[in-house]
Amino acid sequence: MDLADLASAYSRNRQSTPSLVAEVLREAIFRGILSGGEQLRQDEVASQFGVSRIPVREAFRQLAAEGLITLYPHRGAVVSTLSPEEVQEIYEIRIPLETLAIRLAVPKLTQADLAHAHDILHAIDLEEDSVRWGELNREFHATLYAPAGRPRLLALISNLRANVERYLRIYISLMHHKQRSQRQHREILAACKRRDVEAAAKVLDEHLSDTSELLIRFLKQQRAGMVASDLNVASASDQESSPRKVAKI
């Protein structure tokens, strides 16, 4: 699937053109169709969507506010990349926000909320596609946080999650983290069903901390691999050039 296919799929039930462009580009980033460091030019994106530059510019601003792209004068936009250190900072912010959300939400959770969360976990058990897994994972947490009734808090959580979503999907697909994550999800849900606020917050803290540590380790290994690759290329280049230097002496 490419960007044009994604735009066609999303255009069927979206009413606002800037929102459509933003949502398609966001999903393209999450799916890895648009990778970190890739440049996005307004003219090219507008042409792909068949729209003017104005809604594309608005979509770019929205995605920049979410941290998914970085805007540069006269260069358009570039898909953001995150370092392990930045991921660590995001989780350091997310953990207190999300544990606050669940503390506020647990006393207000209805049986319908709990049943819906249970059904989501069952769907995750059966899901093999990492993209859909990510969507269900996000829905599970959102279902448990929504009764908190704090729209600004939930918006902050959503934006922070969006920044690491694509890395989390890649990690899950490569490292088979699903089983461990599901066990922790069920522990969180069990605490919510008991109306045990502190237990729910504690397990959630452990869940997010574990995910953070594993994701940071993965990104560090990935970075080390890239550095090693660069060194190998440099070494090969030096070896190719040294005979010429010797020949000139």
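The values are calculated or read from the model by the stated rules, or taken from the named source; none is laboratory data. As the structure is a computational prediction, the values presented were derived from the model and not from experiment. FYI the Cβ positions are ideal-geometry reconstructions off the backbone, even for glycines, and counts take in every protein chain you see.
Below, the figures for the structure above:
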| quantity | calculated |
| --- | --- |
| Given (1) at pLDDT below 90; (2) in contact with a Phe, Trp or Tyr (Cβ under 7 Å, 6 or more places away or on another chain), number of the condition Ala105 does not satisfy | (1) |
| Some residue of segment 115-137 being touching an Asp or Glu at 6+ places or on another chain (Cβ under 7 Å) and of a type in the set (Phe, Trp, Tyr) | yes |
| Matching entry among Ile33, Ile93 (being modelled with pLDDT of 90 or more and either at negative phi or not in a helix (DSSP H, G or I) (or both)) | Ile93 |
| Subset tally (residues that are among the β-branched types (Val, Ile, Thr) and part of a helix (DSSP H, G or I)) for segment 69-90 | 2 |
| Candidate set from segment 42-68 (those that are free of Cβ contacts under 8 Å to residues at least 40 places away in the same chain and not in a helix (DSSP H, G or I)); member that is farthest from Leu153 (Cα to Cα) | Gly50 |
| Tyr167 touching a His at 6+ places or on another chain (Cβ under 8 Å), at pLDDT below 90, buried (at least 16 other Cβ atoms within 10 Å of the Cβ) and under 30 Å from Leu34 (Cα atoms) | no |
| Residues located in segment 53-75, provided they are crowded, with 17+ Cβ neighbours inside 10 Å and among the aromatic types (Phe, Trp, Tyr) | Phe60 |
| Candidates Asp43, Asp125 - the one that is exposed (fewer than 15 other Cβ atoms within 10 Å of the Cβ), in contact with a helix residue (DSSP H, G or I) (Cβ under 8 Å, 6 or more places away or on another chain) and farther than 23 Å from His207 by Cα | Asp43 |
